[in-house]
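Visitor: Sending over a structure as structure tokens; questions will come in a sec.
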Amino acid sequence: MLVLLSFFLFQEPERLALVDIRQLGPELLQSLKAEQKINWWIECEDQLFVGLDPQMTWAGDWSVSNLPMESRIEDFFISEGSIQSGTTITRMGRMTLVYAPFPLRNEKQNKDLSCHQGDTIRPASDFRNKVVAGLGVNHYPATFRFACCSVQDMVDRVDDQRWYQDVATLAGWNRWSFHAQNLEARDWLVSQFQAMPGLAVSTPSFQIGGTTGYNVVAVLNGTIRPDDWYIVGAHYDSTSQSASTAAPGAEDNASGTAAVLEMARIFSENRPEATVIFVCYSGEEQGLYGSLAQASQIVADGNKSKVKGVMIMDMIAYTGDADLDCLLETSVSNEFMIADFTQAAQAYTSLRIVTSLNPFGSDHMPFINRSMPALLTIENDYETYPSYHRTTDTIDKISIDMGRETIKMNVATLAMWAGIPSLTLVDLVAYWGETASQQTPPDLNGNGAIDILDLLNFSCSGP
């Protein structure tokens with residue numbers, strides 16, 4: 001009995017550490033997680049938070065940061081978004097790992113939880129052996145199964161200057177849901193969609209308390225699969241600390257709204273097999289009212305089974321550094337969607353992909369909550385954006401590179417989902433000798449002309 005008591009009294013405590021897992025790849029990461037002397041792990045984007053056997057030694061070239069010896073798993077919490085209490089250990093997607101060796105109060109209970117904030121602070125122990133946020137390179141092997149010259153043609157049609165000008169135009173209005181200029185922005189969006197071929201445009205209304213809000217909906221009917229619906233959405237309303245005075249919302253979310261317009265222009269000129277519904281929502285900042293209205297109406301009309309995918313763009317054009325990192329967020333049941341976006345990003349963009357299966361607080365939620373497949377694309381640096389919900393959220397904060405690469409990923413994904421007309425040899429011959437442009441087939445070898453080299457590339461890659 002004394003021997004047993006001595007064992008428990010003098011047993012070394014579990015060691016806690018963070019292991020750098022950037023660029024490991026799926027196989028090495030799984031091998032690390034299976035290490036016998038790792039008692040548990042929590043995947044935190046580019047760090048693996050681990051509980052170690054005290055005798056654990058690291059073989060090889062691992063970068064390991066040991067946490068304070070006295071710390072215990074019970075002293076760590078995971079919050080949706082950032083909080084003031086405790087010490088931030090690392091951010092992962094839209095979640096934060098916090099060290100707080102004292103009772104942690106939920107500061108968010110009385111806050112506006114409508115938009116990008118969550119209302120949950122949970123013990124880190126709830127996430128043992130789970131992925132809070134992951135890196136695309138660690139979960140989805142590099143593949144070019146999406147690489148196709150027809151998709152490349154669609155991607156090449158992204159006009160970042162046109163998109164940027166649309167962001168600037170939208171940021172010129174105060175688009176707060178209760179401001180008169182919100183309706184001016186609505187009418188401008190209607191005019192933009194109406195100028196595109198083949199779109200049926202409407203402005204369904206909904207209530208935000210005693211105020212009427214409006215979504216702007218533009219439907220592009222599919223040529224072959226009209227009952228397969230893909231929704232591309234972003235909220236056009238904005239807010240700030242002084243919303244009745246000014247709420248330019250360039251990044252949040254003129255960036256996403258202008259991306260919806262850009263994608264609509266591209267696909268209206270290259271009509272897909274499936275139906276695409278382009279939507280600009282209002283009332284997001286007050287509690288996802290616009291997307292909730294659309295999702296509820298789809299269910300009420302008996303059309304839920306037609307919805308094959310929902311793509312939401314919210315805050316897509318800020319980066320705090322040279323790293324163009326984009327977060328893909330959805331639910332566990334919709335994880336298949338992440339693979340599609342990640343592979344599109346690998347094939348057609350310079351984005352670094354971060355993934356999360358812990359969704360909250362944006363227009364993907366009403367669809368997820370009604371069992372429709374939906375995914376949010378959002379910049380991974382949004383938590384550090386200094387002008388978030390401020391009157392300083394202006395056009396000069398926008399990164400054209402970040403916006404362009406995100407739109408390219410989304411265009412490629414939608415092209416594969418909805419189906420687009422394939423490039424043929426006849427297309428190349430018809431434009432033989434012409435200078436490459438958005439009106440010609442893609443310049444597959446990048447020399448500025450449609451020529452024999454494009455034919456050779458076409459023959460090698462296939463349509």
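The values are calculated or read from the model by the stated rules, or taken from the named source; none is laboratory data. Remember, predicted model here, so these are calculated numbers, not experimental data. No Cβ is skipped: glycine too gets one built from the backbone with ideal geometry, and neighbour counts run over all protein chains shown.
Visitor: Given the criterion under 25 Å from Cys280 (Cα atoms), free of Cβ contacts under 8 Å to residues at least 24 places away in the same chain and hydroxyl-bearing (Ser, Thr, Tyr), identify the matching residue among Ser305, Ser362, Ser356.
Guide: Every option except Ser305 fails the conditions.
Visitor: Let me ask another. Select the strands (runs of 3 or more DSSP E) contained entirely in the range 230-333, then report the ones holding at least 2 residues which are among the aromatic types (Phe, Trp, Tyr) and crowded, with 24+ Cβ neighbours inside 10 Å.
Guide: Once the strands (runs of 3 or more DSSP E) in the range 230-333 are filtered for at least 2 residues that are among the aromatic types (Phe, Trp, Tyr) and crowded, with 24+ Cβ neighbours inside 10 Å, what remains is 274-281.
Visitor: Please go through the range 158-177 and pick out each residue that is buried (at least 19 other Cβ atoms within 10 Å of the Cβ), assigned to a loop (DSSP other than H, G, I, E, B) and not β-branched (Val, Ile, Thr).
Guide: Trp173, Asn174, Arg175, Trp176, Ser177
Visitor: OK, next. For the range 207-229, name all the residues that are in contact (Cβ under 8 Å) with a residue 40 or more places away in the chain, under 30 Å from Thr392 (Cβ atoms), assigned to a strand (DSSP E or B) and not small (Gly, Ala, Ser).
Guide: Ile208, Tyr214, Val216
Visitor: Regarding Pro442, is this residue at pLDDT below 70, within 26 Å of Ala274 (Cβ to Cβ) and surrounded by 19 or more Cβ atoms within 10 Å (Cβ to Cβ)?
Guide: Yes: the conditions hold for Pro442.
Visitor: Taking the range 134-180, which residues are at pLDDT below 90 and aromatic (Phe, Trp, Tyr)?
Guide: Once the filter is applied, which keeps residues that are at pLDDT below 90 and aromatic (Phe, Trp, Tyr), the range 134-180 yields Tyr140, Phe144, Phe146.
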